[in-house]
Amino acid sequence: MTNLELGGRSGSRLDIDLCQACRAIWFDRYEDLQMAPAATLRVFGIISEQSSASATPLTGALRCPRCQGRLLLTHDIQRTTPFRYWRCDAGHGRLMAFIDFLREKDFVRPLTPQQLDELRQNVQTINCSNCGAAIDLAKDSVCAHCGSAVSMLDLQQMARTIGHLQTAAAGQVPADAGPPGPPVHEPTDIAALMLALKAEERAHSAPNLIETGLGLLGALLKKGF
C-alpha cells in the first residue's frame, strides 16, 4: 500500500492507503466521509489515471493493515446500485476497490433499454465491469457469470459533481449544498461512450464500459468545470 495524505473537512489531514496493483483504497474508520472536496477530486484523478492498468483480483484472506484481523466481505447498496467492500470487524476501517468507490458515490448505473440497443449497434461483445467475463450483447444484458447488469459511468452526474466539488474546493460555496436532484441522463452520455468504445475496440477485442468511462472521467477532470 502507498500512503496518500489528503485534506479533510475543517482543515484536518487524512492519510488513506492506496494499492495500485489491486486498484483499491483502504479507508480508516469514517475517512471516506471526512474527505474535503479537493481530496475527493484527487482520488477521482487517481482512479482515472489507473483506468487502463490491469488489476490484481482481491481474493483469498484479506487482512486489516491495522490489526491484521481478517477482513469481512460486506455487500451494501447506494440507492439502487449495489457495491461491496471488505471491513475490519474491529472497526478499524474498510478496503474498497476503485470501481466500488464510484458505485458508492452513485456514479455507476445500468444502461437503459434504449442505450443497450444503441450499444448493440456499435459493439458486439464487452467485458463485465464486475468480474471481467465476456458478455455477448446480441443475447445478454447481464453477465452470465456473476449476474451484474451491463453498466456505465454516469458522465452527466460526474460532470455535475466534479463541478460542485471544484467550486467548493475553491471556497466559493459550502462543500455540502444539500442532496443532488434526480440525475438527468443526456444523450451525450452514451454518444461520448460510443466514440470511446470504437477506439477501444480497434485495440481490444472486448472493451469494458466502466474502464472506457474512466478514461472520459480523466477528460472531465481536466476541463475544469
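Among the residues here, residue 168 qualifies as of a type in the set (A, V, I, L, M), part of a helix (DSSP H, G or I), under 26 Å from residue 79 (Cα atoms) and modelled with pLDDT of 80 or more. Condition test on residue 1, is it surrounded by fewer than 17 Cβ atoms within 10 Å (Cβ to Cβ) and not β-branched (Val, Ile, Thr)? Judged against the criteria, residue 1 is a match.
Applying the set (1) at pLDDT below 90; (2) surrounded by fewer than 14 Cβ atoms within 10 Å (Cβ to Cβ) to residue 68 leaves exactly one unmet item: (1). Within region 11-63, the residues that satisfy the criterion of being hydroxyl-bearing (Ser, Thr, Tyr), assigned to a loop (DSSP other than H, G, I, E, B) and in contact with a strand residue (DSSP E or B) (Cβ under 9 Å, 6 or more places away or on another chain) are 30, 56.
Restricted to region 5-35, and to residues there that are open to solvent by less than 20 Å² (accessible area, probe 1.4 Å) and aliphatic (A, V, I, L, M), the residue that is farthest from residue 94 (Cα to Cα) is 6.
Number of residues in region 115-165 that are among the acidic types (Asp, Glu), open to solvent by 30 Å² or more (accessible area, probe 1.4 Å) and not in a helix (DSSP H, G or I) equals 2. Only one of the numbered conditions (1) of a type in the set (Val, Ile, Thr); (2) crowded, with 17+ Cβ neighbours inside 10 Å; (3) over 16 Å from the mean Cα position of the chain (by Cα) is not met by residue 47, and that is (3).
Quick check, is residue 100 in contact (Cβ under 8 Å) with a residue 12 or more places away in the chain and either part of a loop (DSSP other than H, G, I, E, B) or more than 24 Å from residue 156 (Cα to Cα) (or both)? The answer is no for residue 100. Each residue in region 88-106 was checked for being surrounded by fewer than 20 Cβ atoms within 10 Å (Cβ to Cβ) and either of a type in the set (A, V, I, L, M, F, W, C) or farther than 23 Å from residue 49 by Cβ (or both), and 4 pass.
The values are calculated or read from the model by the stated rules, or taken from the named source; none is laboratory data. Note that the structure is a prediction, hence the values are computed from the model and not measured. Positions of Cβ are generated from backbone atoms using ideal geometry, with glycine treated the same way; all protein chains shown enter the neighbour counts. Keep in mind that these areas ignore ligands, DNA and RNA; they rest on the heavy atoms of the full protein, side chains included. Shrake-Rupley method; radii C 1.70, N 1.55, O 1.52, S 1.80 Å.
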